[in-house]
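Visitor: I am attaching a structure below and will ask some questions about it afterwards.
The values are calculated or read from the model by the stated rules, or taken from the named source; none is laboratory data. On a predicted model such as this, the values are computed, not experimentally measured, just so you know. Cβ coordinates were reconstructed from backbone atoms using ideal geometry, including for glycine residues, and neighbour counts include every protein chain displayed. To get the accessible areas, we keep the full protein, side chains included, count just its heavy atoms, and leave off ligands, DNA and RNA. Shrake-Rupley method; radii C 1.70, N 1.55, O 1.52, S 1.80 Å.
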Amino acid sequence: MEKHTIQYSERTIEFELIRKKIKNINLNIKPDMTIEVSANDKVPVDYILKFVKEKAPWIIKNLGYFKDVQPEQYSKKEYVSGESFKYLGKQYRLKVAESDKEGVRYYQGFIELKVKDRKNYHRKEKLVDDWFKEKAVMNFHKSLERTYPLVEKYDVKLPEIHIRTMKARWGSCIKDKNVIMLNKALIKAPKFCIDYVVLHELAHFKYRNHDPEFYTFMTMLMPDWKQRKEILDEEVVRGL
């Protein structure tokens, strides 16, 4: 890990550079206000410094956000009534009730958790996590149904969707296996943002790199993709 700084106006921005086997440059602001940039070994430092400087207004804006939020917002979930969970772009309160029939459901504006022992933290955690995974499978496949027709005529085969935990990206394309990998946390984003990520990965089956042809293709298929991406980026920083 290397530490670098860039100067933007009167601000000095320090960031940690981590070299990884990835295609893109990824920038992440952590709740402790640490700025982390990851890139592969072939990307020159000068190019990375330029990239961070271009992102400086966004970095400064979101550093201000983290400065104002309370640390407890990022504490571990306790799975008790009143806690807030995000689902498809909206915040929902959790209702916990003891019941012999365990399960989770969306009910009357709440996420309702029924569990035999409300003191059993690990059981509550698993029930909620399983529910989000189930919703992710359903909604991600519905998104693929909505977006695939846009690329079908360009000889893009219908891919499989795999879901996993990802720290630095929302999705990736494994072209030789005809698979799209999606971050399970994407279920917390609005549907139109999920559609953007799915279409972005579908576009990579035609254009492997983020070159001008790729972005021209994206704009043709989804003219407002930049606005959707901007909303998604905001969701990332706000603790998705």
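Visitor: I'd like to know which of W170, F132, Y154 lies farthest towards the positive end of the charge dipole of region 125-174, counting +1 on Cβ of Lys and Arg and -1 on Cβ of Asp and Glu.
Guide: Of the listed residues, the answer is W170.
Visitor: Does region 129-174 come out rounded, prolate or oblate by the C-alpha gyration tensor, with a ≥ b ≥ c the root eigenvalues, rounded set by a/c under 1.5 and, if not, prolate when a/b is larger than b/c and oblate if not?
Guide: On the way: a/c = 2.94, a/b = 1.62, b/c = 1.82.
The shape class here is oblate.
Visitor: By per-residue mean of other Cβ atoms within 10 Å, what is the highest-first order of 180-187, 209-216, 14-21?
Guide: Details: 180-187: 21.5, 209-216: 12.1, 14-21: 14.0.
So the order, starting with the most tightly packed, is 180-187, 14-21, 209-216.
Visitor: Going by average Cβ density within 10 Å per residue, which order do the peptides 132-142, 41-51 take, highest to lowest? Provide the component values of the computation, followed by the final result.
Guide: Details: 132-142: 15.7, 41-51: 12.2.
Going from most to least packed, we get 132-142, 41-51.
Visitor: Still on this structure, please answer the following. Looking only at region 1-29, which residues have a backbone nitrogen under 17 Å from a spot 7 Å from the Cα of L49 in the C-beta direction?
Guide: It comes to 2-18, nothing else.
Visitor: Taking the Cβ-Cβ separation of D224 and K191 as r and a Förster radius of 22 Å, what is the calculated FRET efficiency to the nearest 0.05? Spell out each step's value before the answer.
Guide: Numbers: r = 14 Å, r/R0 = 0.63.
Efficiency, from the Cβ-Cβ distance: 0.95.
Visitor: On a 0 to 90° scale, report how tilted helix 212-221 is relative to the longest principal axis of the chain, with both axes built from alpha carbons and the result rounded to the nearest 10.
Guide: For helix 212-221, the angle is close to 40 degrees.
Visitor: Kindly report, to the nearest 10 Å², the accessible surface of E145 as traced by a 1.4 Å probe over protein heavy atoms only.
Guide: 130
Visitor: Additional query: Tally Lys/Arg at +1 and Asp/Glu at -1 over every other residue whose Cβ is under 13 Å from the Cβ of S99; what's the total?
Guide: Numbers: positive: K95, K101, R105, K114, K116, R118, R123, K124; negative: E98, D100, E102, E112, D117.
Taking every Cβ under 13 Å from that of S99, the sum is +3.
Visitor: Leaving out ligands and nucleic acids, note down the accessible area per residue over the chain with a 1.4 angstrom probe, in whole Å².
Guide: On a per-residue basis, the chain sits at 60 Å².
Visitor: Also: Give the angle, between 0 and 90 degrees and rounded to the nearest 10, that separates the Cα long axis of helix 225-237 from the longest principal axis of the Cα atoms of the chain.
Guide: 60
Visitor: Distance check, please: which entries in K53/K142; K3/K90; K50/K77; K21/K184 exceed 32 angstrom between their Cα atoms? Intermediate values should be presented prior to the final figure.
Guide: Working: K53/K142 38 Å; K3/K90 36 Å; K50/K77 38 Å; K21/K184 21 Å.
Exceeds cut-off: K53/K142; K3/K90; K50/K77.
Visitor: Right, next: Taking the alpha-carbon distance from K157 and a cut-off under 12 Å, which aspartates and glutamates remain once sequence neighbours fewer than 8 residues away in the same chain are dropped?
Guide: Correct list for K157: D176.
Visitor: Would you mind checking the tilt of helix 191-203 against the longest principal axis of the Cα atoms of the chain, expressed as 0 to 90 degrees and rounded to 10?
Guide: Between helix and principal axis, roughly 40 degrees.
Visitor: State whether region 164-240 is rounded, prolate or oblate according to the following rule on the C-alpha gyration tensor (a ≥ b ≥ c being the square roots of its eigenvalues): a/c under 1.5 gives rounded; otherwise a/b larger than b/c gives prolate, and the remaining case gives oblate.
Guide: Values: a/c = 2.09, a/b = 1.22, b/c = 1.71.
Here region 164-240 falls in the oblate category.
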